[in-house]
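Below is one structure; the comments refer to it alone.
What follows draws every value from the coordinates through simple rules; no lab data is involved. Since this is a predicted model, take the numbers as computed values, not measurements. Note that each Cβ is placed from the backbone with ideal geometry, even for glycine, and that neighbours are counted across all protein chains shown.
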Amino acid sequence: MVVVLDTTSFVSGIYWRTEAHRVLQAFANGRIVLAVTQSILHEYARVAMAVRAEEGLEIDPQPWLNAVAELAFEFEPTPLRDAVCLDAHDDQFIACALAAQADAIVTRDNDLLSLGKPFGIPILTPRQLLALIK
């Protein structure tokens with residue numbers, strides 16, 4: 001199953017033992033494939049480092065960032081004619097999912113979740129994804 005993981009879910013999965021962490025474990029164990037773009041990779045790194053500094057966390061995000069850089073499939077984002085998301089910044093996840101022909105976008109962001117199934121791609125919470133890949 002090919003999925004696009006939004007930044008909040010990725011960063012939450014690194015630092016906290018949430019369902020997002022179990023999604024990252026599924027990626028590390030080869031149960032899912034992550035699709036990314038260069039922009040998403042850069043955002044993962046920027047936000048992961050910022051959260052670590054702001055929260056004073058000891059966990060080093062670099063092993064996860066390295067794993068994604070090495071194991072995720074990287075795509076050129078599909079250009080979108082119009083903004084799809086309320087937060088235009090989130091369009092990068094839609095554009096990546098289209099390019100990758102992803103099976104789902106995984107997020108806890110209500111603005112993304114409210115889109116339902118844009119372009120036929122389901123938007124799932126980490127919990128919903130985990131239920132699918134049991």
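Quick one: which residues, 5 or more positions from Leu5 or on another chain, have an amide H under 5 Å from its amide H? H modelled 1.01 Å from N in the peptide plane, none for Pro or chain starts.
Under 5 Å from the amide H of Leu5: Ala35, Val106.
Between (i) 46, 34, 21; (ii) 48, 40, 27; (iii) 41, 31, 27, which entry matches Cα extents along the principal axes in Å as derived from the coordinates of this structure?
It is the one labelled (iii).
Between His89 and Glu54, what's the calculated FRET efficiency when r is the beta-carbon distance and R0 is 22 Å? Round to 0.05.
So the FRET efficiency works out to roughly 0.70.
What's the exposure ranking of Phe73, Phe27, Phe93, going from fewest to most Cβ atoms within 10 Å?
Taking fewest neighbouring Cβ atoms as first place, the list is Phe73, Phe27, Phe93.
Per-residue ellipticity at 222 nm for the chain, helices alone: DSSP H runs ≥ 4 residues times -39500 (n - 2.57), over residue total, nearest 500 deg cm²/dmol?
My calculation for the chain gives -14500 deg cm²/dmol from helical runs alone.
Report the calculated FRET efficiency for Trp16 and Asp82 (r = Cβ-Cβ distance, R0 = 30 Å), to the nearest 0.05.
0.30
Sequence gap at least 6, Cα distance under 8 Å: using those rules, report the relative contact order of segment 51-134 to the nearest whole percent.
Answer for segment 51-134 is 20 percent.
What is the local net charge at Leu129, summed over the other residues whose Cβ is closer than 13 Å to its Cβ (Lys, Arg +1; Asp, Glu -1)?
Charge balance near Leu129 sits at +2.
I'd like the Karplus ³J(HN,Hα) series for segment 113-130: coefficients 6.51, -1.76, 1.60, θ = phi - 60°, whole numbers in Hz, and an x wherever there's a Gly or Pro.
For segment 113-130, the Karplus curve yields 4, 5, 6, x, 9, x, 6, x, 9, x, 10, 10, 7, x, 4, 5, 4, 4 Hz.
Over segment 1-107, what is the relative contact order in whole percent, taking alpha-carbon pairs under 8 Å and six or more residues apart?
It rounds to 40 percent for segment 1-107.
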